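Worksheet: the structure to be examined is printed underneath.
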């Protein structure tokens, strides 16, 4: 190998990696790390070209505001990394192929996609998010954590970053004296043994977030469990330590700058910035485009970049619900924007659940039982054919994960599906477990192993029963909690 290539490999080693997968004929993927989901339209266009050149013209927005490409050839890794470096992004380390509890890193830090423009936010946390990202980015000392470490930093009251599933979440809060900063949640996890992140009941100044993040990541690196890969997540360390010990650790690290702060309301629902919204800037609007399953083609990405640049600021934001946001659109141009997006297949007057339905890439990772994104499209088509405009009455989240890992967060959705192997006529077939009652609580499994061809009818049955029998403005979660599990008729696939 040429000396220059060896030098280049060394230069890329701490900032770039390909992920391993085994589905759809793809052995490696590229997960582009986009802090806070913010990129300019030129970068979106260049990533579209990378998708064309290396990934068969296909890309996916992930639930961590990344952009993911598949079918990456190992032989072209250096070429891919050169292109990505030129565009201005790095990758997650994607150490899932390594045995044992090691080579974990801080994953893309997620933030509110409407940061800096939302009329609701307490403050714009983006500058803090960028500073915290830079602390860990490309630093070898932070690239051998027991497992991956997930973080969110946001001043948005919608909880659009889903803080309850993060290892560490900085949530915008107003202290008793009126100051704004963060309260902290820790130890969240989806997948096996899921758990909502716990409130530490403290308040910190916004400028102290960097020190808190660094201290907790170093604590996890140095003292996190490493005997079993499955038990190496931060959640298990927190369970062993307890909240009181972790809080005491932070108080010592911050030399008295941590204040007691009890969050009285408990977990709050997590919602997307759907549709067209007025910005805090006069006469400007942001537009969230529902990208079902986060799937995009090169041609669509290029067209979206062109529309965003022509009608708004040359910048877009990716969201934790796999959508894409345009910003700074003039009010008088919204009708034309809506028309052009509809011509492209994105209806901004569509049913609300189109913005809050997410699906993982189970057909690529090798763990899933089928193509969950294709199943999502099929379920949505059936829902809209059977329920029509009644879907406008629904305000809910739907998440479809291909396996127990729960990458689509099915355990905290209003309606969650988890892929499993089902049985029919003595044969094994793809199926789904159905969960209800999440957002933000952990949902409960109400039906197990429903064959794939019956899943869509079960969901129609559940949602129709809810609409017909709910009390007032009762949410699906509250409706479910009011009903006993025995009221679910598993043989017919729905509520009685």
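Derivation of every value follows stated rules applied to the coordinates shown; laboratory data play no part. If you're wondering where the values come from, they're calculated on a predicted model, not measured in any experiment. Every residue, glycine as well, gets a Cβ built from its backbone with ideal geometry; the counts of neighbours run over all protein chains shown.
What FRET efficiency comes out for the pair residue 475/residue 222, r = Cβ-Cβ distance, R0 = 45 Å, nearest 0.05? Step by step, r from the Cβ atoms, then E = 0.60.
Between residue 141 and residue 268, the modelled label-to-label distance comes to 3.6 nm, taking each label 7 Å out from Cα in the direction of the beta carbon.
Estimated translational diffusion coefficient (Stokes-Einstein, Kirkwood radius over Cα pairs, 37 °C, 0.692 mPa s) of region 3-260: 172 µm² per second.
Expressed as a fraction of 2.2 N^0.38 Å, the value expected for a compact globular protein of N residues, the C-alpha radius of gyration of region 254-310 is 1.89. Could you compute the FRET efficiency for residue 423 and residue 284, with r as their C-beta to C-beta distance and R0 at 56 Å, rounded to 0.05? Efficiency computed from Cβ-Cβ geometry: 0.55.
I want to make sure I understand the PRE zone here: with the label point 7 angstrom from the Cα of residue 384 toward its beta carbon, which residues in region 330-362 have backbone N atoms less than 14 Å away? So the set is 342-357.
Over the Cα atoms of region 357-495, Rg to Rh with Kirkwood Rh, two decimal places?
Radius of gyration over Kirkwood radius for region 357-495 works out to 0.95.
Packing-based ranking of 24-30, 464-470, 352-358 yields 352-358, 24-30, 464-470, ordered from highest to lowest mean Cβ neighbour count within 10 Å. When each of the peptides 339-346, 184-191, 107-114 is scored by how many other beta carbons lie within 10 Å of its residues on average, the order from highest to lowest is 107-114, 184-191, 339-346.
In summary, the convex hull built on the alpha carbon positions of region 1-146 has an orientation-averaged projected area of 10.2 nm². Counting only DSSP H runs of at least 4 residues, each contributing -39500 (n - 2.57), and dividing by the residue count of the chain, the helix-based mean residue ellipticity at 222 nm comes to -9000 deg cm²/dmol. Put simply, the Cα atoms of the chain extend 63, 59, 51 Å along their principal axes, the longest span coming first. Relative contact order of the chain, taken over Cα pairs closer than 8 Å and 6 or more residues apart, is 13 percent. For region 140-168, the residues whose backbone nitrogen is under 18 Å from a point 7 Å from the Cα of residue 240, taken along Cα to Cβ, are 144-150, 167-168. For the peptides 397-407, 146-156, 124-134, residues were scored by their other Cβ atoms within 10 Å and the scores averaged per peptide; the highest-first order is 146-156, 397-407, 124-134.
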